[in-house]
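Novice: Before I ask anything, let me first share the structure, which is written out below as structure tokens.
Readers should treat all values here as calculations from the given coordinates under stated rules, not as data from a laboratory. Since the model is a prediction, treat every value here as computed from it, not as a measurement. Glycine also receives a Cβ, built like all others from the backbone with ideal geometry; neighbour counts cover every protein chain displayed.
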Amino acid sequence: MALQNSADAELLLHWYQKNKRSLPWRDTGNPEDVWISEIMLQQTRVEAVKEYFVRFREALPTLEAIAACPDETLLRLWEGLGYYTRARNIKKCAQVLLRDHGGELPVDPLELRELPGIGPYTAGAIASIAYNVPVPAVDGNVLRVFSRLTACEDDIMEPATKQAFTERLQDLLWQLVYADWKNFPVADFNQALMELGALVCIPNGAPLCERCPVAAQCDGRRLGIQETLPRRAPKKPRRDEVRTVLVLRDGERFYVRQRPSKGLLAGMFEFPGFPGTLSEEEVLKLVHERGFTPLRIQALPPFHHVFTHIEWHMSAYEVQIAEPLSATAPGRNRKEHARNGIFVTRAELEKLALPSAFRPLLSRYALRPPRRQKKC
Ligand code: SF4
């Protein structure tokens, strides 16, 4: 049966008005807030995004400020959220909006999809939430809710399943809008579906059906299969990568280098890392080969970091080196960073975009004076 008409939609909308969470980007009336929050929310939990969103908007409250923001500041504001390409795309998108769209986000979802970083879901979310355009916004929450409501046993990771849900929701939206021409609150309806998935029709096999405003309309519940839905093919296991990370110290300064502009953690700074688990001798040889003179070496406890598709298992060494002749100052161009790396103080390190993968080194070891190290 699922959702079929205005009466069903009304149940959902009524529940949403009473239960929606207060979120910093919700009901602000500013389309840019919808856009930035939707980009931040990709692959990221609402609770984690709240603080980042507020900080980002305080630092960059206008399109002009975003478009002109230096990459390093942008990445710093994004540090810890992951998927840094999203931050770069926000900046590119702001530049395109200023250049080609009079400084406004388009209303048309097809035009929105032409913009950097905006795919079908985000275009639907911006158009419907910011402008009340009757288009669906099918995210993970909506996929789960809809597969349960319709008792659909198809794999929700398959594009064909998502497409079928999108088409059914589009048909439903047209029907609701025609029934209440111009007054139907598409923005609230789409957010209500998402909110239902976040608060009631929750993942991992345990929906809270007794609290659900559309339980009577739910085919999955009627058939008693709601806890087995949605169906999805098993995920590929993460790839393990073993690395050795070096904290090279020249007195109170640390050596960091900038990662390539494409790929994992693109453009961010890092402590240099090498594949495999290296011995002290191998580390010292590498340090020599790079033109540094090691004075002392100390093994640090291993640590690890989990990305979506990769897990880094890292061993680490702190190596005290003689002062290098060609330490590059911060703020030089990217090519120079990539080639030479830079030496920065602890305070300067805090201002760089350093991935959270390396934070354990900073917080646990890098502030300690280089004691109890073995002489080389
Ligand atoms: Fe989800 Fe249960 Fe509501 Fe069905 S009745 S939509 S399974 S919470």
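Novice: Which FRET efficiency, nearest 0.05, do Ala216 and Lys18 yield, Cβ-Cβ r, R0 22 Å?
Specialist: 0.80
Novice: From the cross-link list Lys91/Lys351; Lys162/Lys235; Lys236/Lys351; Lys50/Lys236; Lys18/Lys50, which pairs have alpha carbons spaced over 27 Å apart?
Specialist: Lys236/Lys351; Lys50/Lys236
Novice: Evaluate E = 1/(1 + (r/R0)^6) for His101 and Lys285, where r is the Cβ-Cβ distance and R0 equals 56 Å; express this FRET efficiency to the nearest 0.05.
Specialist: Numbers: r = 55 Å, r/R0 = 0.98.
The calculated FRET efficiency here is 0.55.
Novice: How many angstrom separate the Cα center of region 103-175 from the Cα center of region 72-91?
Specialist: Computed from Cα coordinates, the inter-centre distance equals 25 Å.
Novice: For the chain, build the charge dipole from Cβ charges (+1 Lys, Arg; -1 Asp, Glu) around the Cα centre, then report which of Val283, Thr293, Leu74 sits farthest towards its positive end.
Specialist: Positive-end residue among those listed: Thr293.
Novice: Considering just Cα atoms, how many Å³ per residue does the convex hull of the chain enclose?
Specialist: Numbers: hull volume 57.6 nm³, N = 376.
Taking only Cα atoms, the chain has a hull volume of 153 Å³ per residue.
Novice: If the chain between Lys92 and Glu51 were fully stretched, how many nm would it gain, using 0.36 nm times the residue separation less the Cα-Cα distance? The partial results should precede the final answer.
Specialist: Working: separation 41, 0.36 × 41 = 14.76 nm, distance 2.27 nm.
Full extension of this stretch gives 12.5 nm more.
Novice: Using a basic spin-label model with each label point 7 Å from the Cα along Cα→Cβ, how many nm lie between Arg113 and Arg346?
Specialist: 5.2 nm
Novice: Taking 7 Å along the Cα-to-C-beta vector as the label spot, tell me the Ala68-His313 distance in nanometres, rounded to one decimal.
Specialist: Reported label-point gap for Ala68 and His313 is 5.0 nm.
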